[in-house]
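**Q** Can you keep this structure in mind? I'll have questions shortly.
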């Protein structure tokens with residue numbers, strides 16, 4: 001039986017997550033349910049998109065991903081089920097799938113239309129779970145909805161190329177548990193426009209001229225500890241997802257702070273790269 005994952009902004013205090021899991025187990029006794037995150041910032045579509053993109057490929061093909069962030073159906077937002085890259089996604093059409101489908105074209109997308117579908121304030125439980133269980137039993141997308149073509153995208157997830165390719169203007173996409181600041185500039189885009197040139201990465205009043213492959217590459221271990229850079233210093237690297245990230249080496253957001261607090265960076269703030 002396929003794995004069913006859950007990504008929501010429900011938190012862990014209330015009954016919502018437990019009710020969803022209970023409903024799945026009632027429909028599919030013995031189902032395997034995996035939590036990706038229930039601590040997405042409330043209604044934060046971009047944060048959810050980043051987490052989902054970077055988690056789903058770790059699961060086997062056929063996995064069913066329920067996405068419960070800003071999931072209420074409205075006159076402008078419908079419910080979708082998608083087959084993408086060997087996986088299924090069940091979500092509201094609110095742009096949360098943007099980061100995935102910008103790289104991989106969906107094989108099939110349907111607008112969910114269940115018979116006698118209720119008007120509900122808890123669509124993840126009442127609509128998404130039945131669809132997930134149907135797919136887990138081997139059911140098809142055609143049974144739960146009709147073809148849908150205009151999947152919503154979020155423009156702010158995409159950096160801008162300016163000055164005839166001499167600059168990339170990106171923004172803060174995500175801030176992790178360490179206070180590391182993840183930009184929306186992917187390594188592939190950076191390399192496509194760098195073309196071997198020198199560069200300067202600018203964020204607030206800070207400038208960086210080197211991007212590392214991993215955190216410890218920042219430290220010159222050949223130097224005496226008193227002379228080398230280390231904990232508390234700023235660095236940039238390509239993170240495990242391929243995005244340019246600004247970090248304070250061995251930071252702790254709860255004590256000394258991280259890149260987000262020490263640089264004064266927040267979601268949507270500008271990160272710019274100039275090539276020369």
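**Q** How long, wide and thick is region 173-218, going by the Cα atoms along their three principal axes, in whole angstroms, largest first?
**A** 33, 24, 20
**Q** Apply 1/(1 + (r/R0)^6) to the Cβ-Cβ distance of residue 21 and residue 225, taking R0 = 45 Å, and write down the FRET efficiency to the nearest 0.05. Don't skip to the end; give the middle numbers.
**A** Details: r = 49 Å, r/R0 = 1.08.
The pair residue 21/residue 225 has a calculated efficiency of 0.40.
**Q** Which residues does a label at residue 187 reach in region 37-66, if reach means a backbone N under 17 Å from a point 7 Å past the Cα toward the Cβ?
**A** Backbone N within reach: 54-55, 57-58.
**Q** Also, quick follow-up: For the pair residue 83 and residue 150, how long in nm is the line joining their label points, each one 7 Å along Cα→Cβ?
**A** The two pseudo-label positions are separated by 2.5 nm.
**Q** Taking a temperature of 25 °C and a viscosity of 0.890 mPa s, what whole-number D in µm²/s does Stokes-Einstein yield for the chain with Rh from Kirkwood over alpha carbon pairs? Let's see the in-between values first.
**A** Numbers: Rh = 20.4 Å.
Rounded, D is 120 µm²/s.
**Q** What is the calculated FRET efficiency for residue 74 to residue 142, with r their C-beta to C-beta distance and R₀ = 30 Å, to the nearest 0.05?
**A** Once the sixth-power term is evaluated, E becomes 0.75.
**Q** How high is the relative contact order of region 187-238? Use alpha-carbon pairs under 8 Å, at least six apart in sequence, and give a whole percent. List each step's numbers first, then the result.
**A** Working: 39 pairs, mean separation 17.0, N = 52.
Reported as a whole number, the value is 33 percent.
**Q** Turning to a different aspect of this structure: If you rank 50, 215 by fewest surrounding Cβ atoms within 10 Å, what's the result?
**A** On the way: 50 22, 215 15.
Ascending Cβ contact count within 10 Å gives the list 215, 50.
**Q** Note down the relative contact order for the chain as a percent, whole number, built from C-alpha pairs under 8 angstrom at least six residues apart. Can you show the working numbers first?
**A** Working: 541 pairs, mean separation 42.2, N = 276.
Dividing the mean separation by the residue count of the chain yields 15 percent.
**Q** Restricting to bridges with both residues inside the chain, how much of the DSSP beta-bridge set is antiparallel, in percent to the nearest 5? Could you put the intermediate results ahead of the total?
**A** Numbers: 40 of 53 bridges.
Rounded to the nearest five, the antiparallel share is 75 percent.
**Q** So for region 159-275, what are the equivalent ellipsoid semi-axes in whole Å, largest first, each being the square root of 5 times an eigenvalue of the Cα gyration tensor? Could you put the intermediate results ahead of the total?
**A** Numbers: eigenvalues 111, 60, 27 Å².
In descending order the semi-axes read 24, 17, 12 Å.
**Q** Another question, then. Among 153-161, 58-66, how do they line up by average Cβ neighbours within 10 Å per residue, starting with the highest?
**A** Details: 153-161: 14.9, 58-66: 17.0.
Peptide ranking by packing, descending: 58-66, 153-161.
**Q** For all pairs of alpha-carbon atoms in region 128-205, what percent lies in each bin of width 10 Å, listed from the first bin to the last filled one?
**A** 13, 29, 20, 21, 15, 2
**Q** Hey, another quick one. Under 25 °C and 0.890 mPa s, how fast does region 4-155 diffuse according to Stokes-Einstein, given a Kirkwood radius computed over C-alpha pairs? Answer in µm²/s, whole number. List each step's numbers first, then the result.
**A** Numbers: Rh = 15.2 Å.
Using the Kirkwood radius from Cα pairs, D works out to 161 µm²/s.
**Q** For the chain, modelled as a GNM with alpha-carbon contacts under 10 angstrom, which of 152, 187, 137 fluctuates the most?
**A** Comparing 152, 187, 137 in the GNM, the peak value goes to 137.
No value in this document is a laboratory result; all are computed from the given coordinates. All of these numbers come straight from a predicted model, not from anything done at the bench. Methodologically, a virtual Cβ is constructed for each residue, glycine included, from the backbone with ideal geometry; neighbour enumeration extends over all protein chains shown.
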